[in-house]
1. Regarding residue 24, is this residue exposed (fewer than 10 other Cβ atoms within 10 Å of the Cβ) and modelled with pLDDT of 90 or more?
2. Tell me, please, whether a residue that is touching a helix residue (DSSP H, G or I) at 6+ places or on another chain (Cβ under 6 Å), among the polar types (S, T, N, Q), modelled with pLDDT under 90 and assigned to a helix (DSSP H, G or I) can be found in the stretch 39-59.
3. Mind checking which residues of the stretch 30-81 are open to solvent by less than 90 Å² (accessible area, probe 1.4 Å) and either among the hydroxyl-bearing types (Ser, Thr, Tyr) or under 30 Å from residue 18 (Cα atoms) (or both)?
4. Checking residue 67 against (1) modelled with pLDDT under 90; (2) under 28 Å from the mean Cα position of the chain (by Cα), which single condition isn't satisfied?
5. Say we look at the stretch 4-21 and pick out the residues that are within 27 Å of the chain's Cα centre (by Cα), of a type in the set (A, V, I, L, M, F, W, C) and at pLDDT 90 or above; which of these is farthest from residue 34 (Cα to Cα)?
Amino acid sequence: MTSAFSNTNINVQLVESLIQAIQALSPAEQILVRSRLLSNLPTPPKQSVIDILKQSPGQQLFQTPEEVDRYLQQERSSWDS
């Protein structure tokens, strides 16, 4: 565990003792600790679905609605053949 955090000032013994103390709590107390910890974490910035899709590999197959229409028409034509 210490090798992953060798470049930071992390008190591993303190972290381990906190984990042990949390594990000794009742399930309800553990849920309370979890919710309090999570409420203090910074939230990532919200992104629109379009922004997420633009970041995906390959981005979008079609650049314009006309390209989509042309592709669909070609596919429909191939069904008739």
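The values are calculated or read from the model by the stated rules, or taken from the named source; none is laboratory data. These numbers come from a predicted model, not from an experiment. All Cβ positions, even for glycine, are placed from backbone atoms using ideal geometry, and neighbour counts span all protein chains on display. To get the accessible areas, we keep the full protein, side chains included, count just its heavy atoms, and leave off ligands, DNA and RNA. Shrake-Rupley method; radii C 1.70, N 1.55, O 1.52, S 1.80 Å.
1. Numbers: exposed (fewer than 10 other Cβ atoms within 10 Å of the Cβ): yes; modelled with pLDDT of 90 or more: yes.
Yes: the conditions hold for residue 24.
2. Keep residues of the stretch 39-59 that are touching a helix residue (DSSP H, G or I) at 6+ places or on another chain (Cβ under 6 Å), which gives none.
No - not one qualifying residue is present in the stretch 39-59.
3. 30, 33, 35, 39, 48, 56, 64, 77, 78
4. (2)
5. Restricting attention to the stretch 4-21, the residues satisfying the condition of being within 27 Å of the chain's Cα centre (by Cα) are 4-10, 12, 15-16, 18-19.
This time we only want the ones that are of a type in the set (A, V, I, L, M, F, W, C), so: 4-5, 10, 12, 15, 18-19.
Next cut, at pLDDT 90 or above only: 12, 15, 18-19.
Numbers: 12: 19, 15: 15, 18: 12, 19: 12 Å.
That would be 12.
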